[in-house]
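Have a look at the structure below, then the notes.
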Amino acid sequence: MNHPTQQPHTRPITEALGAHNVLGQLLARVRQSQARFDAIQSTLPRSLRAHVRPGVLDDSSWHLMAANAAVAAKLKQCLPLVSQVLRDAGWPTLALKIKIQAPVSMPRR
């Protein structure tokens, strides 16, 4: 079986991001956002789980991305439980914000 070989001047994206200070910080925030999401995902109703994604994490807030307004409304009802789960897991308390994720449109040909 042939395995593609990596070009000598290329390196994995995580290594490249980690080598640059600002990009390394961005990568760390993305990982923290995903870790927070992993911690709360089981508390979300099953019907919502596929429609919610982790979003931006900054010094004062963490965003959850909702697929549409209906998901955002239901997710808003879950925020007290989400906050409690995060506190119980030892995450610093940040404001939780919900954003509706813009639909991805495919370019026309």
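Descriptive notes on the structure:
- Residue-wise HN-Hα couplings along segment 26-40, as the Karplus relation 6.51 cos²θ - 1.76 cosθ + 1.60 with θ = phi - 60° gives them from phi, are 4, 4, 4, 5, 4, 5, 5, 4, 5, 5, 4, 4, 4, 5, 9 Hz; Gly and Pro carry x.
- Here's the list of aspartates and glutamates a cross-link from residue 99 could span, going by alpha-carbon distance under 19 Å and ignoring same-chain residues fewer than 8 apart: 38, 58, 59.
- For segment 14-100, the Cβ-based charge dipole about the Cα centre amounts to some 380 debye (Lys, Arg positive; Asp, Glu negative; other atoms uncharged).
Laboratory data are not the source of any read-out in this text; all were calculated from the coordinates shown. On a predicted model such as this, the values are computed, not experimentally measured, just so you know. FYI the Cβ positions are ideal-geometry reconstructions off the backbone, even for glycines, and counts take in every protein chain you see.
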